[in-house]
Structure formats: structure tokens, C-alpha cells
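Structure first, commentary second.
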Amino acid sequence: MSYTGPEFESPQPRRPRRGPLTVALAALVPGALLGWGVYETLGDGGSGGAARTTSASGSRTASSAPAPAASRGDDGKVSGSPSAPSRGSGALRGKVVVVDPGHNPGNFRHTAEINRQVDIGTNYKECDTTGTSTNDGYTEATFTLDLAHRLRDLLEREGATVRLTHDGDSPPWGPCVDERARFGNAAHADAAISLHADGSDAGNRGFHVILPGSVHAGAADTRPIVGPSHELGVRVAGTYLRATGEPPANYVGDGTGLVTRTDLGGLNLSTVPKVFIECGNMRDNTDAALLTSGSWRQRAAQGISEGIVSFLRDS
């Protein structure tokens, strides 16, 4: 998503990336990721596959998944046969994961609806935005939906119950940021993640994981989830870096790949451990080449999945 949308204010001033941190991050494995706790005090910073729909309190629709697939190509189509355990028989049996594909391809046709103001606890913001796109027109909403399908398949192969906040055409726009948070709450998710790609300036590249800051205002009270969300984010950041080779962002987070924010409705209103991930910058040509590659998106899904699995196994 772009930093100009309702979920973001202006980004932090650009600071040099710390080379040694990047090297250290690449060597991390889930068991060693607790060492990242030093960054907890960071200040606020800047498809394929058919689906089944189901409902949950606080959201208009939700989507579950078909039988897990071995892999998806650039067109999102399934190829190969799964070799992992079938759904419900893996290590995450009994765990619920909510995957929130940022934005919605239908938002472009429903601007009046997504411009409606909603309460995020600290203030009011637009329901949603259209998101960003690459210079060649590959949209963030298309990217996040494809990545969500890949991530869902991987997590279900581990036995988790995975619920999507939307599946592109169901609902046809949104949901609003407050609904996305309530969806995870109503599902009693053990972990939730919102998938995005950034729309920053060319030359700004890399990923960052956004953690909820401590908020206690109106309907928002993140205090119980700040700790576990930080742990989830640390693990996802480490495994994502290892799986994709994408560096931590060089324009926010001081090279750590972690940013804490208090102006995100999807985090402010969550009562379950939740993070956002900005997988790369769509406006940078180097990152755009990765984000538009189906094989790279599969690696991105694998990295995110490994972080979630690590968090849930140790929870």
C-alpha cells in the first residue's frame, strides 16, 4: 500500500541501512529470532484458485480453500500434487490463521463505498483504498490476493484452519479496515496477517513488517496483543528474508525490517496477534520484477508461512 492512503501517515525520514544487521538477519532461524527483542521499542514509522465462502461474525464473508496444491505458476494455476499432510492432520491442527489480502480488486469500481469514514479507535479514516501498483499496472490488490491463496495452501498443508477476510469478488469491495480487524477477532484467530506491497519512491526497496503499537483509545486496546504480535512479526521477518532474499527496507525501520505503528485500523482494533507485511516496493523496478514473478511469490508465501508456523508451534 502507499504511504499516502488512509492507513498511513508520512513515512519516517530515510536513514541508512545498517549493513551488519542485514547480514545478521539472513543467518537467523526461528529458534534464534528472539534476539530481535531489542527492536521492540521502535517508534512509529511511516489469483488463482477457486474458493469456498463462509461467514463469520463481524464480516460480510470469508473464504476457505480448496485442497492444498504443490505449487502455482505465474498465472496462479495449480500444478503438481501435494506431498505434505492433508488438511487438518499437520502440526497446526486446531490452530486458526486469518489471512487478510490488502485492498480488493473491486475497490476501483466502488470508490464511494471505500471512501466512507470508519472509526479505528484513535480517529476516523477511510474504509479502504485501491492500493498501489507497479509502473506497468500490476495492482497491489492482485498481488495480495494471489499471495494469500499461496499462503493459505501452505498453512492448510500444516493442518491450520485458514480464513481469508475476502476473496476478491466476495465481497466485491473492501472489507473496511475495521471489519478486517473484527473478522480476525470473531474467528478467535491464533494469528492474523495482512498482506501488502508498498508504493514508495523508486530507489526505496525492501520489505518491512508492521507491528501494533500500544493503543488504548475508544474501541481500540492493543495492549494485550503487543507482545505476541511482536513475536509473530519477528519470526515472519526472519523467515521471509531467508526464503526470498528480499532485504529489509532501506527507507523505514532503520534497516531492521520492523516498524511499529499506531495509525492502522487493522491493527488498532485487533484483539488477536496480528501484523502487516509490506512485501516490497511496487514502484521500484528491482522489487517490481520480484513481486510480478509467480515463482518469487511462492517463495514469499513460503517465508511467511514458516514464520507463522514457528510462532504457532511455540505459542
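List pairs: first in region 275-299 and closer than 13 Å to Asn135 by Cα, second in a strand (DSSP E or B) and open to solvent by 10 Å² or more (accessible area, probe 1.4 Å), Cβ under 7 Å, 6+ apart or cross-chain? Going by the 7 Å Cβ cut-off, the qualifying pairs are Met282/Ser133. Of the strands (runs of 3 or more DSSP E) contained entirely in region 103-198, those carrying at least 2 residues that are open to solvent by less than 20 Å² (accessible area, probe 1.4 Å) and not β-branched (Val, Ile, Thr) fall at 191-198. Taking region 217-234 as the range and being more than 20 Å from Phe311 (Cα to Cα) and part of a loop (DSSP other than H, G, I, E, B) as the test, the residues that pass are Gly218, Ala219. When Ala237 is tested against the conditions (1) over 21 Å from Ser214 (Cβ atoms); (2) outside any strand (DSSP E or B); (3) of a type in the set (Gly, Ala, Ser), the lone failure is (1). Residue count for region 260-283, restricted to those that are buried (at least 24 other Cβ atoms within 10 Å of the Cβ) and assigned to a loop (DSSP other than H, G, I, E, B): 5.
The values are calculated or read from the model by the stated rules, or taken from the named source; none is laboratory data. These numbers come from a predicted model, not from an experiment. With ideal geometry, Cβ positions are generated from the backbone for all residues, glycine too; neighbour counts draw on all protein chains shown. Surface accessibility is based on the protein's heavy atoms, side chains included, excluding ligands, DNA and RNA. Shrake-Rupley method; radii C 1.70, N 1.55, O 1.52, S 1.80 Å.
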